[in-house]
Amino acid sequence: MHLPRPRGPLSAAVVGVMSGRAVLDEAALAAEIEALPETVDVLVDDDFHLALWTLYELHYRPFDDASQDWEWEPGLIGVRRALEERLLAEVRFATSEWVHASMAARGDVAERLFALTEMVPGTALTSYLHREATLGQLLEYLQHKSIYHLKESDPQSFVLPRLQGPMKVALAELQYDEYGSGRPQQLHQTLFAAGLEACGLSSEYGAYLDLVPGPTLAVTNVMNLFALRRTLAAAAMGHLGAFEATSSEPCRRVAQGCRRLGLPDTVASYFDEHIEADAVHEQLAFRDICGGMAAEDPQVLGDLFLGAAAYLYSESLAGTALLDAWRDGRSSLLPDQESGNQSDLAAAVAS
Ligand SMILES: [Fe+2]
Ligand SMILES: [Fe+2]
């Protein structure tokens, strides 16, 4: 993967430093992040989220054109922290209504978490993919999804050492499934990559990074914000539970959309795999992990709800961005400055 094309001053500064073309002025950059103008929507801004995504990625896979030693460079960690603090504050503010309602609700923690998934308004994205999307739009959707699903479940692995006893066992069980249950060909990342290839898309890690807008990057950034910070482990697990609890039916709809459009079965089978698996995973995540964490330490309750609401809200913003673009007759991807456009790709797959 190559460093992304910058989209503004923050990503230009981060990419400039990582490529060795600029010297990091951490204090100036942190001050700039703190004083971002009102016009910058920290929840979805392109430049903000590309900068943060690039910094997080240092913990996952190397950039061909940057030293891997940047991972623990104190100056870059400082910049990341400044971005994270802004994002965390915005996420807390945006989700406070649902977190407060869940805190005030009575009953079992898992039931309150399931109820929260009904509280946050979702989008009609997967219904649209099921019944209306064109082939080109479904291929766009897969490109958006490639940003997370080529490293599916890796962020949550960082949380394993932060859980103890039954909660650690439950997360390991869930992750074992995501990682193929002992069969490399069943690794979910590999299943997704095979689906991309089967419909003529690139399965190369980060291939579509320059094409996906801020709201899509924000979904992964919110996940990393929680997963990589030990004090937010409960939020990471609430986030995971909400992901799993809202996956089964949407995956069924996307699989049906893939079949309606005549895409190879490899693509639909990735989504098929999640219809049943995630119905099990939601129980593991909300009951065994989140319920167990709350029983052990009631103080984490607010963070469990925060994580769940943050997932649902960030996913809804990303889905809305796709639907808005399509309803306006636009592509949901940024213009590709390097190669062919999306309609050529759709035509190639259709033929
Ligand atoms: Fe999965
Ligand atoms: Fe899952």
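Values quoted throughout were computed directly from the atomic coordinates according to the rules given, and no laboratory measurement underlies them. On a predicted model such as this, the values are computed, not experimentally measured, just so you know. Positions of Cβ are generated from backbone atoms using ideal geometry, with glycine treated the same way; all protein chains shown enter the neighbour counts.
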Q | Order by protection proxy (mean Cβ within 10 Å, highest first), peptides 290-300, 219-229 | A | 219-229, 290-300
Q: Have a look at Ala172, Ala28, Ser203 and report the one farthest towards the positive end of the charge dipole of the chain, computed about the Cα centre with Cβ charges (Lys/Arg +1, Asp/Glu -1).
A: Ala172
Q) Given a Förster radius of 30 Å and the C-beta distance between Asp297 and Glu97 as r, what FRET efficiency does 1/(1 + (r/R0)^6) yield to the nearest 0.05? A) 0.75
**Q.** Gyration tensor (alpha-carbon) shape descriptor, region 9-90, a/c threshold 1.5
**A.** prolate
Q. How many angstrom separate the Cα center of region 249-263 from the Cα center of region 1-71?
A. 36 Å
Q | Space enclosed by the convex hull of the alpha-carbon atoms of region 95-350, per residue, Å³ | A | 114 Å³
Q) Given R₀ = 30 Å, FRET efficiency for Tyr176-Ile77 by Cβ-Cβ distance, to 0.05? A) 0.45
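Output the peptides 323-336, 304-317, 128-141 sorted from most to least packed, where packing is the average of other Cβ atoms within 10 Å over each peptide's residues.
Averaged packing, sorted descending, gives the order 304-317, 128-141, 323-336.
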Q | Pairwise label distance in nanometres, Glu197 with Arg260, each label 7 Å out on the Cα-Cβ vector | A | 2.9 nm
Q) So what is the relative contact order of the chain, in percent, for Cα pairs below 8 Å that sit 6 or more residues apart? A) 24 percent
(Q) Under a Cβ-only charge scheme (Lys and Arg +1, Asp and Glu -1), can you give me the dipole magnitude of region 95-350 about the Cα centre, in debye to the nearest 20? (A) 220 debye
**Q.** Mean separation of Cα contacts under 8 Å, 6 or more apart, over the residue count of region 1-80: relative contact order %
**A.** 45 percent
Q. Does region 193-312 come out rounded, prolate or oblate, given a ≥ b ≥ c as the square roots of the eigenvalues of its C-alpha gyration tensor, rounded meaning a/c under 1.5 and, failing that, prolate meaning a/b above b/c?
A. oblate
